[in-house]
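S.K.: Dropping the structure in here first, questions after.
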Amino acid sequence: MSNTKIEWSEYTWNPITGCDKVSSGCKNCYAERMAKRLKAMKNRRYVNGFDVTIHEDLFNVPLKLRQPKLIFVCSMSDLFHEDIPAETIYKLFDIMEKASIHTFQVLTKRAERLQLLFDDRQIPDNIWVGISIENDSVLNRIEHLNAINANTKFVSFEPLLGSVKDIDLSDVAWAIVGGESGPHSRPMKEQWVLEVLQKCQESETLFYFKQWGGFNKKKNGRILNGRIYDNMPQR
């Protein structure tokens, strides 16, 4: 468990590390770059580089934290990766439910497996479940999110790589929008951001604008329409 610079969370918890690319949003994966760096630094958690690795000794860490935290789960992986056994996923959800003083944020690009495993299971209220959507080629992911039973559902449009104006956010509590950052970042058009903002206003979905991105994301900032949008669900 460690503090995070991710603006919409407080802590990251990585009981599983490693992943594989599944769509265009993965092209410049920050987690892959970081995993390679950590392996080169001889970090014992990354001896396998970015191959999926389960760290069972980290499973119970949230149960040891005494102060309530907002925790992003598997920032260095995808909890619904096909190489992670269903029993492991259920076990981690059970631990999150037991650690009820905390709020957990679970984000996946593998929305189909999310629905497959939780189609007939209630997601505990202290777990926010989200999917990533980068353009209209993966809009079907929201159909799988809508099919599960969770109190707080969210969508991360980061990196936003194209228009998603046809999306339906009526069953989504929260939307995060951000441009890609780093040396090979792809551009994000303001029009695409405003389309998501309009959809959020129509469906009363909370809107969080994280960043414009680019090589110097700090310089480009996160001002949209002359203001900061940092709405989030209540814990």
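The values are calculated or read from the model by the stated rules, or taken from the named source; none is laboratory data. Not measured: the values here are computed from a predicted model. Don't worry about glycine lacking a Cβ; one is built from the backbone with ideal geometry, like all the others, and counts go over all protein chains shown. To get the accessible areas, we keep the full protein, side chains included, count just its heavy atoms, and leave off ligands, DNA and RNA. Shrake-Rupley method; radii C 1.70, N 1.55, O 1.52, S 1.80 Å.
S.K.: With every protein chain left in place, what is the accessible area per residue of segment 117-220 in square angstrom, probe 1.4 Å?
M.R.: For segment 117-220, the per-residue accessible area is 45 Å².
S.K.: With a 1.4 Å probe and all protein chains in place, put 39, 199 in order of accessible area, largest first. It would help to have the intermediate numbers written out before the result.
M.R.: On the way: 39 100, 199 55 Å².
If we order 39, 199 from most to least accessible, we get 39, 199.
S.K.: My understanding is that a pair violates if its Cα-Cα distance is over 28 Å; which of 42/189; 39/165; 21/217; 36/189 do that in this structure? Show your work: numbers first, answer last.
M.R.: Numbers: 42/189 39 Å; 39/165 40 Å; 21/217 23 Å; 36/189 30 Å.
The pairs that break the limit, which is 28 Å between Cα atoms, are 42/189; 39/165; 36/189.
S.K.: Shifting gears a bit: In whole percent, what relative contact order does the chain give with Cα contacts below 8 Å and a gap of six or more residues?
M.R.: RCO, the chain: 14 percent.
S.K.: What is the spread of the Cα atoms of the chain along each of their three principal axes, largest first, in whole Å?
M.R.: Projected onto the principal axes, the Cα atoms of the chain cover 45, 41, 34 Å.
S.K.: Taking the radius of gyration and the Kirkwood hydrodynamic radius from Cα positions alone, what is the Rg/Rh ratio for segment 123-211, to two decimal places?
M.R.: Rg divided by Rh gives 0.96.
S.K.: Let me ask another. Accessible area per residue, 1.4 Å probe, Å², for segment 1-108: what's the number?
M.R.: Details: 5490 Å² over 108 residues.
On a per-residue basis, segment 1-108 sits at 51 Å².
S.K.: With θ taken as phi - 60° and the coefficients 6.51, -1.76 and 1.60, list the Karplus ³J(HN,Hα) couplings across segment 53-67 in order, rounded to whole Hz; mark glycine and proline as x.
M.R.: Each residue of segment 53-67 in turn: 9, 9, 10, 5, 5, 9, 4, 8, 4, x, 5, 8, 7, 8, 9 Hz.
S.K.: Using only the heavy atoms of the protein chains and a 1.4 Å probe, how would 17, 4 rank by accessible area, largest first? Mind dumping the intermediate values first?
M.R.: Details: 17 5, 4 35 Å².
Heavy-atom accessible area, descending, gives 4, 17.
S.K.: Order the peptides 94-106, 45-57 from the highest to the lowest mean number of other Cβ atoms within 10 Å of their residues.
M.R.: Most protected by this proxy first, the peptides run 94-106, 45-57.
S.K.: Related question: Report, to the nearest whole %, how much of the accessible area of the chain belongs to carbon and sulfur atoms, 1.4 Å probe, protein only.
M.R.: Carbon-and-sulfur percentage of accessible area, whole number: 46.
S.K.: So what's the back-of-envelope 222 nm ellipticity for the chain, counting only DSSP H runs of four-plus at -39500 (n - 2.57) apiece and dividing by all residues, rounded to 500?
M.R.: -7000 deg cm²/dmol
S.K.: Going by average Cβ density within 10 Å per residue, which order do the peptides 148-161, 120-133, 208-221 take, highest to lowest?
M.R.: Values: 148-161: 22.0, 120-133: 18.9, 208-221: 16.5.
Going by the mean number of other Cβ atoms within 10 Å, highest first, we get 148-161, 120-133, 208-221.
S.K.: Another one. Kindly write out, for segment 117-122 in residue order, the coupling ³J(HN,Hα) from the Karplus curve 6.51 cos²θ - 1.76 cosθ + 1.60 (θ = phi - 60°), rounded to whole Hz, with x marking Gly and Pro.
M.R.: 7, 10, 4, 10, 10, 7
S.K.: Turning to a different aspect of this structure: For residue 229, list long-range residues whose amide hydrogen, built 1.01 Å from N in the peptide plane, is under 5 Å from its own amide hydrogen.
M.R.: Here the answer is 209, 224, since their amide H atoms fall under 5 Å of that of residue 229.
S.K.: How high is the relative contact order of segment 120-227, given as a whole-number percent (alpha carbon pairs under 8 Å, six or more residues apart)?
M.R.: In percent, rounded to a whole number, it is 23.
S.K.: Restricting to Cα pairs below 8 Å that are 6+ residues apart, what does the relative contact order work out to for segment 57-117? Please round to a whole percent.
M.R.: The normalised contact order for segment 57-117 reaches 49 percent.
S.K.: From the square roots a ≥ b ≥ c of the eigenvalues of the alpha-carbon gyration tensor of segment 71-148, which class results: rounded (a/c under 1.5), prolate (a/b over b/c), or oblate?
M.R.: prolate
S.K.: Moving to a separate point now. With both partners inside the chain, how many of the DSSP beta bridges are antiparallel, as a percent to the nearest 5?
M.R.: Looking only at bridges with both residues in the chain, the antiparallel portion is about 20 percent.
S.K.: Can you compute 3J(HN,Hα) from phi for each residue in segment 143-152, using the Karplus curve 6.51 cos²θ - 1.76 cosθ + 1.60 with θ = phi - 60°, rounded to whole Hz and x for Gly and Pro?
M.R.: 5, 6, 5, 5, 7, 8, 9, 9, 6, 10
S.K.: Near residue 153, which lysines are there with a Cα under 17 Å away, not counting those fewer than 8 places off in the same chain?
M.R.: Within the straight-line cut-off, residue 153 pairs with 109, 199.
S.K.: Leaving out same-chain residues fewer than 8 places away, which aspartates and glutamates sit with a Cα under 13 Å from that of residue 27?
M.R.: 134, 158, 180
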